[in-house]
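The values are calculated or read from the model by the stated rules, or taken from the named source; none is laboratory data. What you see is a predicted model, and the numbers here were worked out from it, not measured in a lab. Cβ placement follows ideal geometry from the backbone for every residue including glycine, while neighbour counts extend to all protein chains displayed. The protein model used for the area step is the full one, side chains on, heavy atoms only, and it has no ligands, DNA or RNA in it. Shrake-Rupley method; radii C 1.70, N 1.55, O 1.52, S 1.80 Å.
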Amino acid sequence: MPHFRRPLALPVAALFTTQATAQDALSLIFPVDCMLGETCMLQQAMDRDPGEGAQDYRCGPQTYDGHQGTDIRLPDMAALDLDIRVLAAADGMVLGIRNGVPDTGQGGFPEGQDCGNGVVLDHGDGWQTQYCHLAQGSVTVAAGDRVTAGQPIGTIGFSGNTEFPHLHLSVRRDGAHIDPFDPSETHTCGQDAPSLWADGIDGMPPGGILSIGFADAVPGFDAIRAGTAGADTLPTDADALVLWGFVHGGRVVDRIEFHIAGPDGSEFHAAEAVLERTQAELFRASGRRLNGPVAPGTYHGTVTLIREDTPIDSAEIAVDLR
């Protein structure tokens, strides 16, 4: 897949180098060695609605009914080849592991193994963390091992009950699930609460762009999820020049703007799509049909997710027409 660039990507592993203890709360480092917003994304938080509805800690829609953890995802299936490391979020002892579940997602795991390959750590004082959907054979620790915060324990995979490659992190105290973004039992929408995260993470992003790319036709969703939809080069006599964007956390009436600039920097195509419903992940595409060969050279594309006239995320990519 061709590389795309974001203006603001955070090198997460570099932000969390120490662990602090505040009173009796557990302090967590970010559990994935990745560039937050580029090679990994925060997609879903814990469900804080006690009923049949679903509501994240900000009283927003970035969760689903009964979700008991935090999902840190990869942009697509192709990103599994990067072997993104999962890190121990705090010092502790390994209580148990699973390492032999195939990386086949839903339908590829025995009953009762929804977590897929995983690790459970005990941090003392009733605190535990659990790491799910790791790659088969990637777990590097064993029951009884002592680990330190930031120590690699496996890599993100596609095992267990999952529809996309990600790490599902659960935090528990005395068996009760705790939201690391807001560990209080109750909270008020719009009111900030102390989190369990060490300095460097402000909260769950309100959605964003997973990947973007160029193609000569609107690609299929399966190809986008697989990471095979983008092209590095296209012929100047292609049927069309299409720019697509793969988005997570899209909300109703959000706008996705598409801009394509030609080799001379002039505007080649511009359009926008308005989302009609809230979705955990989606893609939109826009482009221009080519009535004959166009000028050869490098064409630049920009996709921007906009909410209430405020840009949420933006990404850029280029393609060579030859």
Within the range 200-226, of all residues that are out of contact with any strand residue (DSSP E or B) (no Cβ under 7 Å at 6 or more places or on another chain) and of a type in the set (Gly, Ala, Ser), the one surrounded by the fewest Cβ atoms within 10 Å (Cβ to Cβ) is GLY220
Residues that are under 20 Å from MET46 (Cα atoms): which strands (runs of 3 or more DSSP E) entirely in the range 91-186 hold 2 or more of them? 117-124, 127-134, 166-173
Would a scan of the range 168-187 turn up a residue that is under 20 Å from LEU80 (Cα atoms) and touching a helix residue (DSSP H, G or I) at 6+ places or on another chain (Cβ under 9 Å)? no
Expected single match for of a type outside the set (A, V, I, L, M), modelled with pLDDT under 95 and within 19 Å of GLU38 (Cβ to Cβ) among GLY200, GLY245 is GLY200
List the strands (runs of 3 or more DSSP E) inside the range 249-322, counting only whole elements, that have at least 3 residues being open to solvent by 50 Å² or more (accessible area, probe 1.4 Å) and at pLDDT 95 or above. 267-274, 279-289, 310-321
Picked from the range 89-112 (must be in contact with an Asp or Glu (Cβ under 7 Å, 6 or more places away or on another chain) and open to solvent by less than 70 Å² (accessible area, probe 1.4 Å)), the residue nearest to PRO165 (Cα to Cα) is GLY105
Quick check: is even one residue across the range 147-166 over 22 Å from the mean Cα position of the chain (by Cα) and buried (at least 19 other Cβ atoms within 10 Å of the Cβ)? yes
